[in-house]
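Comments concern the structure below.
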Amino acid sequence: QVQLVESGGGLVQAGGSLRLSCAASGVTFSNYAMGWFRRVPGKEREFVAAISRSGLATEYGDSVGNRFTISRDNAKNMVSLQMNNLRPEDTAVYYCAAHNEGFYAVRNAFYYWGQGTQVTVSS
């Protein structure tokens, strides 16, 4: 059974940093592209970042630019999202996701999802 479990969310002031982590089990982790998405109630889910199976390639959503960094550790079955210079508009539930269907950064290819972790940025 595939499980993705996020951790690291919380409350932070604008300009601060948080690091999210996602632990994967039940899959051969290195075979899966990994990603982070976020959702605000009443809005569509938004792509945040994706990382290739090897970890050598990454892609980011326009709204996070170079403030966020995605990384992975295939030996530990973990993917992380370092979030710097956080803004109130980054407030959302953040979800870890995985897929093994071709190119790593295809937004709608992800089909395994974690339960989400809340990030709240105060102004």
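Applying the condition of being assigned to a strand (DSSP E or B) and of a type outside the set (Phe, Trp, Tyr) to the range 61-80 and asking which residue is surrounded by the most Cβ atoms within 10 Å (Cβ to Cβ) yields Val79. The residue of the range 18-41 that is modelled with the lowest pLDDT, among those that are part of a loop (DSSP other than H, G, I, E, B) and open to solvent by less than 60 Å² (accessible area, probe 1.4 Å), is Val27.
Identify the residue in the range 81-122 that is closer than 26 Å to Ala14 by Cα and of a type in the set (D, E, K, R) and, among all such residues, is surrounded by the fewest Cβ atoms within 10 Å (Cβ to Cβ). Result: Glu89. Checking every residue in the range 42-60 against the condition of being among the basic types (Lys, Arg), in a strand (DSSP E or B) and surrounded by 14 or more Cβ atoms within 10 Å (Cβ to Cβ) gives zero matches. Taking every residue in the range 64-79 that is charged (D, E, K, R) and pairing it with any residue that is surrounded by fewer than 21 Cβ atoms within 10 Å (Cβ to Cβ) and modelled with pLDDT of 95 or more, at least 6 positions away or on another chain, the pairs with Cβ-Cβ distances below 7 Å are Arg67/Asn84; Arg67/Asn85; Arg72/Gly55; Arg72/Met78.
Of the conditions (1) at pLDDT 95 or above; (2) at positive phi, Gly61 satisfies every one except a single condition; which number is it? Going through (1) at pLDDT 95 or above; (2) at positive phi one by one, Gly61 breaks only (2).
The values are calculated or read from the model by the stated rules, or taken from the named source; none is laboratory data. This one's a predicted model, so the numbers in the text were calculated from it and none came from an experiment. Every residue, glycine as well, gets a Cβ built from its backbone with ideal geometry; the counts of neighbours run over all protein chains shown. The accessibility values were calculated without ligands, DNA or RNA, using every heavy atom of the protein model including side chains. Shrake-Rupley method; radii C 1.70, N 1.55, O 1.52, S 1.80 Å.
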